[in-house]
Structure formats: C-alpha cells, structure tokens
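Asker: Before we start, here is the structure in question, set down as structure tokens.
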Amino acid sequence: MKKIAVMTSGGDAPGMNAGIRAVTRTALSMGIEVMGIYRGYQGMIEADFIPLDHFKVSNIIHRGGTFLKTARSQDFRTVEGRATAAANLKKEGVEGLVVIGGDGSFRGAAALHSEHGIKVVGCPGTIDNDLFGTDYTIGYDTAVNTAVHAIDQIRDTADSHNRLFFVEVMGRDAGFIALRTGLASGAESVLVPETTTYIDELIVHLQKGLKMQKSSAIIIVAEGDDEGGAIDVARKVNEKFTGWETKVTVLGHIQRGGSPTAFDRILASRMGHQAVKSLLAGATDIMIGQRNNEMVEVPFGQAVKHHETLNPHLLELVEILA
Ligand code: F6P
C-alpha cells in the first residue's frame, strides 16, 4: 500500500482531530502518502480531497470538532453514490481508508469494501460510546466531563432555590453518557433507554428525598428514554408530584464540542496509530477498539450490531448514593 485516505463521518466528537493527526503521522513515518477527505462520504463523492503532510495536522490535537468536517451523506446510501466515491479514490491511487465515526459510518465503509475492494479500518468516534467491542469511544469522556461541569453549576442554583431539575443529556439509543454523568454529579436518579422507566417509582424516590429534608434534586434523563426526553418526564412527574418547583435543562450540542480531555486525545492517538498498522498488515472491515487498555481489532459485523450492556449495578449505585 502506497497511499491511504482518512476521513471523519457522522456526528463529530472531541478527539477526532487527534485521530486524524495520528493516522497521518503514523502513515508518513512508514513512507505512506495520506489524503484527507472533507465532509465524510459526501466529500468522497464530490472528490473534495486534501493531501496531508506533517504540518497540515499541526496544532489540532487540542481542538474539538474535526478540521476535515463531517456529514451524514444521503447520496452515499445509493449504489451509484458509492460507485462515484470509489472511482474518485481509485483515481487518486488510494488503496486503504481509515474512517473515524460511528456505526452508520462503518456500515458505509463495509459497503465500500464489498462493492469496490477498498480496504477499510474504523476508529470509533462518537460521544455515545454505543459500539460493541471497545470499552470507550473517542469523545465520550469529554462529553461526560462537559455534562458533569454543567450539572455542577445547575446544582448551585437548584440548591439555592430548593428546586427539582431534570437534565437531558445526549444518547438516542444508549444511556452511557447519562449513567456516567449521573454517577459523577451525584444525581438522584438516571433514566436510560436500556431500562423501563416507571414514573411512579421515580416519584416515590423523590418523596423519600423530600422527607429526608433534601433541599433539591437532580434527575439525569437520556434523550432516548422510553418515557421521552426531560421535558416529557418532568411533565409526567409534575402531574402527581409537586414537592419541589421543577425546572428542565437540555444540555444538547454543548456536549459535542470543546477541547478533548487528555483521555480522549490519548485514546484517539493510539487508535489512529493502530488503524494504520492494521491496514498495512492487510486487515479490512475491522474497528479498532480498546479493551483493558490494549488496542484490539473488532470485526465491523460485531461492532455495529449492538452496544455493550449498561452495568445495572451502577444504575442502582446512583440511587444508593443519592
Ligand atoms: O450520535 C451522536 C449524537 O450526538 C447523539 O447523541 C444525538 O442523538 C445525535 O448525535 C444528534 O445528532 P445531530 O447533531 O445530527 O442532531
């Protein structure tokens, strides 16, 4: 292999830039040329490319977002779109591709390989941590720290006014951000898509706190909870419980931005480095994961099928420690 390409795809995640840097500099150190693809698969279809050298990836390790930009491409979902994208890569002499993204991005990469023979390796880049075979995804740690910081501030005002806050964090299908944020911020309870939420049980839990003379309470709601987002849950609780005045905060996209934590920078650097090594060793259709602090190769088929299970003991722990 003489030339590879790197791109970011799907929702951005802090640490993606560190991953691009690691892919680029690892490949260059092995005498391989690197091309950056702007805007994910859409840029691949439109031949929106940039040759990367050592200095093009300088000064980005600490930056959130992705300097290559990202997109969710509808055109790449079509056979024709993928054929155009593959032809553009081949015209440039690209033989291998590193995709930093989530499950949708890996499905696209697998199609590119099966239909056009381009070797593909993925690095898990999503704040949701919802891929199987890795303990952590790039961006998750930063998103949790951002949410915890915000909730620390909410706690001050919640306590001053004796209020109940419902705070919504990201996670359409997975409650990892919610769980870790809840544990770290000392929330009363965490509501996640993986378990059924019982509004009546939540109210009993809140009443217990009120009886103990707690002055305020914070409930973390993952956006994909089965009872709805924080606004819906707050409304349902308020129909039967008015012990505290209630407020709702939706943290939204602030969780996706910001400078990556040291953890995410190191994770992305190790994964980007390993992705190039695996690609050059002939691997394809695999995601690089981190298991017990070691880099591992996880077949795409496994990585995208489901995510790791949420530890039910940790959900319980939130309520025990509240
Ligand atoms: O997958 C990452 C994520 O941030 C989810 O947690 C969230 O549901 C979704 O992306 C939001 O996507 P968009 O930025 O397209 O609204």
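The values are calculated or read from the model by the stated rules, or taken from the named source; none is laboratory data. The structure displayed is predicted, hence computed values, not measured ones. In this analysis, Cβ positions are derived from the backbone assuming ideal geometry, glycine residues included, and neighbour counts consider all displayed protein chains. For accessibility, only protein heavy atoms count, side chains too; no ligands or nucleic acids. Shrake-Rupley method; radii C 1.70, N 1.55, O 1.52, S 1.80 Å.
Asker: Looking at the range 150-162, is at least one residue farther than 20 Å from S259 by Cα and within 16 Å of the ligand (Cβ to nearest atom)? Walk me through it before giving the result.
Answerer: Restricting attention to the range 150-162, the residues satisfying the condition of being farther than 20 Å from S259 by Cα are 154-162.
Checking which are within 16 Å of the ligand (Cβ to nearest atom) leaves us with none.
Looking through the range 150-162, none of the residues is farther than 20 Å from S259 by Cα and within 16 Å of the ligand (Cβ to nearest atom).
Asker: Contact list please: Cβ distance under 7 Å, first residue in the range 159-186 and within 21 Å of K214 (Cβ to Cβ) and free of Cβ contacts under 8 Å to residues at least 40 places away in the same chain, second residue assigned to a strand (DSSP E or B) and more than 10 Å from the ligand (Cβ to nearest atom), pairs at least six apart or on different chains.
Answerer: T181/I220; S185/I218
Asker: Only one of V190, V121, V167 is more than 14 Å from the ligand (Cβ to nearest atom), buried (at least 24 other Cβ atoms within 10 Å of the Cβ) and closer than 30 Å to A27 by Cβ; which? Before you say what the answer is, go through the steps one by one.
Answerer: Values: V190 fails: closer than 30 Å to A27 by Cβ; V167 fails: closer than 30 Å to A27 by Cβ.
Being more than 14 Å from the ligand (Cβ to nearest atom), buried (at least 24 other Cβ atoms within 10 Å of the Cβ) and closer than 30 Å to A27 by Cβ holds for just one of V190, V121, V167, which is V121.
Asker: Scanning for something more than 16 Å from the ligand (Cβ to nearest atom) and either on the phi < 0 side of the Ramachandran plot or of a type outside the set (A, V, I, L, M, F, W, C) (or both), does the range 170-179 turn up at least one residue? I'd like the intermediate steps shown before the answer.
Answerer: Residues of the range 170-179 more than 16 Å from the ligand (Cβ to nearest atom): none.
There is no residue in the range 170-179 that is more than 16 Å from the ligand (Cβ to nearest atom) and either on the phi < 0 side of the Ramachandran plot or of a type outside the set (A, V, I, L, M, F, W, C) (or both).
Asker: If you don't mind, there's one more thing I want to ask. Quick one: what pairs do we get from the range 35-55, first residue surrounded by 16 or more Cβ atoms within 10 Å (Cβ to Cβ), second at pLDDT 95 or above and basic (K, R), C-beta under 7 Å, 6+ apart or different chains?
Answerer: Once the first residue is surrounded by 16 or more Cβ atoms within 10 Å (Cβ to Cβ) and sits in the range 35-55, its partners that are at pLDDT 95 or above and basic (K, R) give M35/K3; Y38/K69; R39/K69; D48/R39.
Asker: Does the range 101-109 contain any residue that is in the same structural domain as V298 (by TED's automatic domain parsing), in contact (Cβ under 8 Å) with a residue 24 or more places away in the chain and not in a helix (DSSP H, G or I)?
Answerer: Narrowing the range 101-109 to residues in the same structural domain as V298 (by TED's automatic domain parsing): 101-109.
Keeping just the survivors that are in contact (Cβ under 8 Å) with a residue 24 or more places away in the chain gives 101-109.
Retained after the next criterion (residues that are not in a helix (DSSP H, G or I)): 101-102.
Within the range 101-109, one or more residues are in the same structural domain as V298 (by TED's automatic domain parsing), in contact (Cβ under 8 Å) with a residue 24 or more places away in the chain and not in a helix (DSSP H, G or I).
Asker: Return the total of residues in the range 251-308 being within 16 Å of the ligand (Cβ to nearest atom), open to solvent by 70 Å² or more (accessible area, probe 1.4 Å) and either among the charged types (D, E, K, R) or not in a helix (DSSP H, G or I) (or both).
Answerer: The total comes to 1.
Asker: Can you report the number of residues in the range 1-18 which are within 16 Å of the ligand (Cβ to nearest atom) and open to solvent by less than 10 Å² (accessible area, probe 1.4 Å)?
Answerer: Here is the first cut: in the range 1-18, the ones within 16 Å of the ligand (Cβ to nearest atom) are 8-16.
Next, only the ones that are open to solvent by less than 10 Å² (accessible area, probe 1.4 Å) stay: 8-9, 13-16.
Residues meeting the conditions: 6.
One line per residue, one yes/no per condition, for (1) within 27 Å of H62 (Cβ to Cβ); (2) of a type in the set (A, V, I, L, M); (3) touching a Cys at 6+ places or on another chain (Cβ under 7 Å):
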{"site": "T137", "(1), (2), (3)": "yes, no, no"}
{"site": "H149", "(1), (2), (3)": "yes, no, no"}
{"site": "A158", "(1), (2), (3)": "no, yes, no"}
{"site": "R172", "(1), (2), (3)": "no, no, no"}
{"site": "T195", "(1), (2), (3)": "no, no, no"}
{"site": "V204", "(1), (2), (3)": "no, yes, no"}
{"site": "M212", "(1), (2), (3)": "no, yes, no"}
{"site": "I231", "(1), (2), (3)": "no, yes, no"}
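Asker: Then there's this: List pairs: first in the range 8-21 and assigned to a loop (DSSP other than H, G, I, E, B), second within 13 Å of the ligand (Cβ to nearest atom) and among the acidic types (D, E), Cβ under 9 Å, 6+ apart or cross-chain?
Answerer: Close Cβ pairs (under 9 Å, with a partner that is within 13 Å of the ligand (Cβ to nearest atom) and among the acidic types (D, E)) amount to G10/D103; G11/D128; A13/D128.
Asker: Further question: Where residues in the range 193-229 are in a loop (DSSP other than H, G, I, E, B) and within 16 Å of the ligand (Cβ to nearest atom), which of them is surrounded by the fewest Cβ atoms within 10 Å (Cβ to Cβ)? Explain how you work it out, then say what you get.
Answerer: Narrowing the range 193-229 to residues in a loop (DSSP other than H, G, I, E, B): 193-198, 212-216, 223-229.
Now restrict to residues that are within 16 Å of the ligand (Cβ to nearest atom): 193-194, 223-226, 228-229.
Details: P193: 18, E194: 20, E223: 20, G224: 19, D225: 24, D226: 12, G228: 17, G229: 18.
The residue in question is D226.
Asker: Would you please list the contacts, defined by Cβ atoms under 7 Å and residues six or more apart or on different chains, that run from a residue in the range 57-74 that is closer than 18 Å to A27 by Cα to a residue that is in a loop (DSSP other than H, G, I, E, B)?
Answerer: Sorted first by the residue in the range 57-74, then by its partner, the pairs are I60/F67; L68/Y38.
Asker: Follow-up. In the range 238-265, which residues are touching a residue at least 24 places away in the same chain (Cβ under 8 Å) and over 21 Å from G171 (Cα atoms)?
Answerer: Within the range 238-265, K240, F241, G243, W244, E245, T246, R265 meet the criteria.
Asker: Quick one: which residue in G93, G31 is open to solvent by 60 Å² or more (accessible area, probe 1.4 Å), part of a loop (DSSP other than H, G, I, E, B) and more than 16 Å from the ligand (Cβ to nearest atom)?
Answerer: On the way: G93 fails: open to solvent by 60 Å² or more (accessible area, probe 1.4 Å).
Exactly one residue qualifies, and that residue is G31.
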